[in-house]
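Following: one structure in structure tokens, then a few remarks.
All of the numbers you see were taken from the coordinates with simple rules; none came from a lab. Not measured: the values here are computed from a predicted model. For neighbour counting, all protein chains shown are included, and Cβ atoms are generated from backbone atoms with ideal geometry for every residue, glycine included.
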Amino acid sequence: MRLLFVRHGDPDYEHDTLTEKGEREAELLADRLQSEKMDYFYLSPQGRAQKTGQAVMRRLGRTGETFDWLHEFTPSVTLPESGQPHIIWDFMPSFMQKYPQLYSPTEWLELPFIRESTVPQGYRAVCEGIDGLLARHGYVRKDNYYSVKKSNRDTLVFFCHFGVTAVVLSHLFNQSPVALMQHFSAPTTSVTTVYTEEREEGITSFRCMTYGDVSHLYAAKEPVSFSGRFCETFDDPTERH
């Protein structure tokens, strides 16, 4: 089985839709995907993901299913030092250095400022959501791998967001989502491709083949969005710090 995780187009966050650039990106994405074999479409309920998905599905005369758990992952924690609310990505490097448990696949959830927040509940909802969907398609979670009930080569396409994709991937790969959020960035309309691997009979695991692919934007000479990145050098005031 193949999973395609597609981040929405360049966002107009205020109105939860796409900018003009985002609409161009979505059409270029549709150009790329219209010749792909795609069997099932799943969408976040948020407008920017819906519009991105519709640009692709409209080309194919297809429809998709919307899941609340594919909503962007926004539960916040209260930072120990400042008492300010903060989502669980975009931490400063010095903060990650102070709390190395954030890199652990199990210990990150036990940090007091995470354990006492709504993050564990939100994380559990996403994990249960993807596990329920994968079970529907023949793969049932068992400990750190998936039991194969019905092997297949279907392609599932998810139109969603950077944060929730990191959460899903962390569950599939048995990693901390914080580590993925800190060190990866998926540009708008990028495609992340994950395959099942059934190297042992009755057991499958997941492997990422491409992450954040925006070859459709490069091919059309459409600039890749800076969204999700921070300053390349500290002395550049024009980029996010």
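For the options LEU28, LEU111, LEU43, a Gaussian network treatment of the chain with springs between C-alpha atoms closer than 10 Å singles out LEU111 as fluctuating the most.
The stretch between ALA125 and TYR103, if pulled fully straight at 0.36 nm per residue, gains 5.8 nm over its current Cα-Cα span. Dividing the helix sum by the residues of the chain, where each DSSP H run of 4 or more adds -39500 (n - 2.57), gives a mean residue ellipticity at 222 nm of -9500 deg cm²/dmol.
Here the Gaussian network model covers the chain, with springs between Cα atoms less than 10 Å apart; of ALA26, ALA49, ALA135, ALA135 fluctuates the most. Sum up the charges of everything whose Cβ sits under 15 Å from the Cβ of ALA49, counting Lys and Arg as +1 and Asp and Glu as -1, but leave ALA49 out. So the surrounding residues net to -4. Taking label points 7 Å from Cα along the Cα-to-Cβ direction, THR74 and HIS86 give a separation of 2.0 nm.
Largest GNM mean-square fluctuation across PRO11, PRO120, PRO80, computed for the chain with C-alpha springs under 10 Å, falls on PRO80.
So, counting K/R as plus one and D/E as minus one, what does the shell of residues with Cβ under 14 Å around LEU33 add up to? Spell out each step's value before the answer.
On the way: positive: ARG2, ARG7, ARG32, LYS37, ARG58, ARG59, ARG62; negative: GLU25, GLU27, ASP31, GLU36, ASP39, ASP213.
Residues close to LEU33 contribute a combined charge of +1.
Close amide H partners of LEU18, meaning residues 5 or more places away or on another chain with modelled amide H under 5 Å apart, are ASP12. Shape verdict for region 104-241, please, from the Cα gyration tensor: rounded (a/c under 1.5), prolate (a/b greater than b/c) or oblate. Cα axes put region 104-241 in the oblate bin. Ranking of PHE206, PHE226, PHE159 by neighbouring Cβ atoms within 10 Å, starting from the fewest: PHE226, PHE206, PHE159. The value of relative contact order for region 2-219, using C-alpha pairs under 8 Å at least six residues apart, is 30 percent. With 0.36 nm allotted per residue and the present C-alpha distance subtracted, the THR66-LYS21 stretch has 13.8 nm of extension available. Based on C-alpha pairs under 8 angstrom that are at least 6 apart in sequence, region 172-222 has a relative contact order of 36 percent.
Report the net charge of residues surrounding GLY122, where surrounding means a beta-carbon distance below 14 angstrom and charges are Lys +1, Arg +1, Asp -1, Glu -1. Provide the component values of the computation, followed by the final result.
Numbers: positive: ARG115, ARG124; negative: ASP68, GLU72, GLU116, GLU128.
Once positives and negatives cancel, what remains is -2.
From the cross-link list LYS37/LYS221; LYS51/LYS149; LYS51/LYS221, which pairs have alpha carbons spaced over 27 Å apart? Among LYS37/LYS221; LYS51/LYS149; LYS51/LYS221, the Cα-Cα distance tops 27 Å for LYS51/LYS149.
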